[in-house]
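The values are calculated or read from the model by the stated rules, or taken from the named source; none is laboratory data. Small disclaimer: the values here were computed from a predicted structure and weren't measured. Heads up, the Cβs are rebuilt from the backbone with ideal geometry, glycines too, and the neighbour counts pull from every protein chain shown. To get the accessible areas, we keep the full protein, side chains included, count just its heavy atoms, and leave off ligands, DNA and RNA. Shrake-Rupley method; radii C 1.70, N 1.55, O 1.52, S 1.80 Å.
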Amino acid sequence: MKINKNYVQTLIFVLVYLFAIYFWTQPLQDRKVPYGEYDAMSHFEVGDYMAYNDKSFMYLPPYIDIRYGNDNDFKPHTLWYAPTFHASLGLMQVFGGQRIVPIFLMNAILATFVIVTVYFVIRSLFGFLPAILSAILIVFSPRDFMPYIWGQWPERFAYAFIPVILYCFYKYLINYDKKENTPIYLYFTALFSGISFLIHPLAFLHVVFSLILFYIFIAIKNKRLYINANHIIISILIFLILFFMFPYQNFRIFPEFSGNKEESVFKLSLSRIFSWSPNAEDFIGSVPPSYFSYREMHGLWTLPFLVIGLSVLIINRKERDLLLLAWLIGLYIMLHRDLFGKAEFLHRSLSATAHIFSPIMAIGAIYLINLVKVNFPYKKFVKYGIALIFIYFALSINMPAASKILNKEIYNPYTQSGFFTTLNDAEFQASQWILDNAPKNVNVTVLGIPYQDQVLSATSKKIRWMAAVSQHVTRFYYFREDKEIILKSPEWYIMLDYTMIGPLNDQETFNFMQDFEKTALSNHTLVYNKDNIEVYKFEPK
Amino acid sequence: MILVILIFSFAIFGMAGARVFIGIILITMPFFLFLNNFDMAEGEKYVFSILLGVTIFPSLTYILGLLMSFRISMVITLITLILLVFVFKKFKIR
């Protein structure tokens with residue numbers, strides 16, 4: 001029986017990709033509760049609202065508006081991103097028939113889709129081995145899964161478009177003079193550029209530089225220009241149609257990028273030109289220093305392959321090599337835009353590094369043997385041998401390092417990792433009860449979740465997740481200045497959460513809450529009482 | 001291949017996982033049928049149609065969902081896109 005080589009290669013890739021999905025969804029697998037940082041909550045909230053309430057929305061519901069109402073400078077109180085990404089999460093909640101797993105699974109699929117697009121493009125241009133090696137490296141790329149965990153969901157997916165946009169433009173240019181020339185690839189370039197803009201404008205800006213550079217490289221190489229007015233006009237129209245699908249969100253980019261919010265924070269110096277990463281010290285408190293370290297993000301063992309791969313591209317300078325160089329230089333420019341006074345989201349651009357570094361490393365490994373100009377019969381086997389060594393290093397160095405950051409225990413509400421940040425089962429069920437039973441105009445205020453300075457940044461996330469799950473404005477009781485009004489208002493439910501007090505052995509808060517129930521809530525009715533969480537509503541007897 | 005992914009989705013994420021996978025196939029299908037009309041490599045058709053399916057389909061559903069139920073707008077979007085593909089195919093043959 002003859003085995004179809006393409007089929008086997010695709011099967012191998014599918015297995016690698018399924019492993020990526022398994023690896024990236026570990027925090028979800030044992031506990032079906034939502035997790036992540038602030039941004040994750042917002043993206044969950046938007047997709048979840050559409051599906052759960054069975055309607056799209058123009059203006060933000062109160063529990064989202066309270067935090068994101070002014071994020072859209074162009075049209076306040078509306079979505080701050082085009083709804084494309086969030087609607088896809090909402091669709092999957094409907095298809096999946098559950099609230100949490102479908103959204104988090106779909107997000108993982110979209111966040112890891114860059115593995116598919118990098119594999120597809122590198123396989124089309126350089127063959128299976130460099131493609132599969134690139135894919136394996138990206139599976140374990142912390143600069144990819146860390147922002148995914150933090151909640152920069154749309155941005156992760158938007159980066160998946162960059163290889164495809166570049167590939168389409170490549171196909172258009174290299175076939176420009178051929179009989180089979182078809183403008184469809186330029187139209188796809190415009191289409192995918194427009195979609196990437198809808199998902200996250202940053203990815204679009206990334207690809208613009210690379211497209212311009214690739215055009216210049218090809219024009220210089222072939223000593224000619226490629227201009228077809230009809231093709232260009234149709235492509236611009238395609239882009240504009242997509243742009244005007246969601247004008248409130250897309251016009252937001254202009255006030256956003258004309259601002260000078262962060263420039264003064266960065267100390268500009270010429271040494272920046274010679275460093276790939278921004279200075280870790282400029283991001284203390286928001287991004288861990290390891291995020292800026294080559295050793296910790298890629299592993300030092302990849303550096304020789306990166307150098308060899310880069311040398312191969314520069315020496316060969318075929319169209320496909322120039323494409324990767326344009327991609328790399330485009331990213332370099334985006335990463336150094338602080339030199340031009342635009343420092344916003346600089347660390348986020350860094351998260352696109354592995355998508356181009358990995359293919360170059362893989363090309364370095366596979367083409368290493370080609371640098372030896374002597375022909376010998378076992379050259380092909382040596383190539384496979386180097387590929388196996390490459391995989392061995394990826395699995396023995398990168399995978400364990402990745403597992404330390406991304407594993408089943410992160411955001412576990414029953415361990416130290418997620419105790420203060422993630423909803424435990426009781427809190428999730430109470431929040432779900434509020435969603436199902438409290439009128440829309442009701443807000444919730446919570447006692448029992450620690451609010452002291454040393455834990456507040458963590459427990460604020462728990463409060464926000466409660467709001468996300470309950471779809472009601474949810475606030476700490478302790479910080480309210482209108483406590484008296486709240487206690488006499490039918491529009492405020494009081495939640496007493498005893499679930500954290502036991503593990504913390506916090507007798508003082510327990511006594512306070514018991515006393516609070518007896519005195520302050522004497523005119524309230526207990527409407528929910530399960531697993532150490534009580535909810536009261538104002539109902540004078 | 002589809003069976004492998006379906007089994008994986010069900011094994012790790014239960015019925016919700018399997019249904020999400022089927023959902024992705026459904027929203028991707030109209031675009032795959034559309035791209036099938038062009039002389040493109042198989043890989044291109046698959047990757048492009050998934051990218052279009054998980055973006056254009058939800059965008060259209062969202063817009064329709066401003067006027068009607070989100071679920072109904074999903075169904076209308078799916079039917080409309082499939083009809084458009086057949087109209088395009090007929091138009092192309094002529």
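Could you list, in sequence order, the residues of segment A:15-32 that are part of a loop (DSSP other than H, G, I, E, B) and either open to solvent by less than 10 Å² (accessible area, probe 1.4 Å) or at the interface with chain B (Cβ under 10 Å from one of its Cβ atoms) (or both)?
A:Thr25, A:Lys32
Tally up the residues in segment A:406-434 that are open to solvent by 20 Å² or more (accessible area, probe 1.4 Å) and outside any loop (DSSP other than H, G, I, E, B), please.
Of the residues in segment A:406-434, 5 are open to solvent by 20 Å² or more (accessible area, probe 1.4 Å) and outside any loop (DSSP other than H, G, I, E, B).
Output the number of the condition that B:Leu64 fails; it satisfies all remaining conditions of (1) open to solvent by less than 60 Å² (accessible area, probe 1.4 Å); (2) at pLDDT 95 or above; (3) under 21 Å from A:Arg123 (Cβ atoms); (4) not β-branched (Val, Ile, Thr).
Here B:Leu64 clears every test but (3).
Identify the residue in segment A:163-204 that is buried (at least 20 other Cβ atoms within 10 Å of the Cβ) and more than 14 Å from every other protein chain (Cβ to nearest Cβ) and, among all such residues, is farthest from A:Lys318 (Cα to Cα).
So the residue we want is A:Pro201.
Conditions first: (1) on the phi > 0 side of the Ramachandran plot; (2) crowded, with 24+ Cβ neighbours inside 10 Å. A:Val121 passes all but one, so which condition is the exception?
(1)
So, of the residues in segment A:40-63 that are open to solvent by 10 Å² or more (accessible area, probe 1.4 Å) and among the hydrophobic types (A, V, I, L, M, F, W, C), which turns out to be nearest to B:Phe70 (Cα to Cα)?
A:Phe57
List the strands (runs of 3 or more DSSP E) that sit entirely inside segment A:453-541 and contain at least 3 residues that are exposed (fewer than 12 other Cβ atoms within 10 Å of the Cβ) and over 35 Å from the mean Cα position of the chain (by Cα).
Where strands (runs of 3 or more DSSP E) fall fully within segment A:453-541, none carries at least 3 residues being exposed (fewer than 12 other Cβ atoms within 10 Å of the Cβ) and over 35 Å from the mean Cα position of the chain (by Cα).
Can you tell me which residues in segment A:366-378 are in a helix (DSSP H, G or I), farther than 15 Å from A:Arg123 by Cα and touching a Lys or Arg at 6+ places or on another chain (Cβ under 9 Å)?
A:Leu368, A:Ile369, A:Asn370
Taking segment A:133-162 on its own, how many of its residues are in contact with a helix residue (DSSP H, G or I) (Cβ under 7 Å, 6 or more places away or on another chain) and more than 14 Å from every other protein chain (Cβ to nearest Cβ)?
Looking only at that region, the number is 19.
Which of the residues spanning segment A:76-108 are open to solvent by 10 Å² or more (accessible area, probe 1.4 Å), assigned to a helix (DSSP H, G or I) and more than 7 Å from chain B (Cβ to nearest Cβ)?
Matches in segment A:76-108: A:Gln93 only.
Taking A:Ile232, is it at pLDDT 95 or above, surrounded by 14 or more Cβ atoms within 10 Å (Cβ to Cβ), under 30 Å from B:Asn36 (Cβ atoms) and over 29 Å from the mean Cα position of the chain (by Cα)?
yes
Given the criterion within 24 Å of A:Leu110 (Cβ to Cβ) and in the same structural domain as A:Leu328 (by TED's automatic domain parsing), identify the matching residue among A:Leu186, A:Leu202.
A:Leu202
Of the numbered conditions (1) in a helix (DSSP H, G or I); (2) of a type outside the set (Gly, Ala, Ser); (3) surrounded by fewer than 19 Cβ atoms within 10 Å (Cβ to Cβ); (4) at the interface with chain A (Cβ under 7 Å from one of its Cβ atoms), B:Leu51 fails exactly one; give the number of that condition.
Failing condition for B:Leu51: (3).
If I ask for residues that are open to solvent by 10 Å² or more (accessible area, probe 1.4 Å) and either among the hydroxyl-bearing types (Ser, Thr, Tyr) or not assigned by TED's automatic domain parsing to the domain that holds A:His200 (or both), which ones from segment A:323-374 would you list?
A:Tyr332, A:Tyr367
Take residues that are at pLDDT 90 or above and of a type in the set (Ser, Thr, Tyr) and tell me which of the helices (runs of 4 or more DSSP H) falling wholly in segment A:252-358 contain 2 or more.
Counting at least 2 such residues, we get A:302-316.
In this structure, is A:Ser403 open to solvent by 40 Å² or more (accessible area, probe 1.4 Å), closer than 24 Å to A:Gly285 by Cβ and outside any strand (DSSP E or B)?
No.
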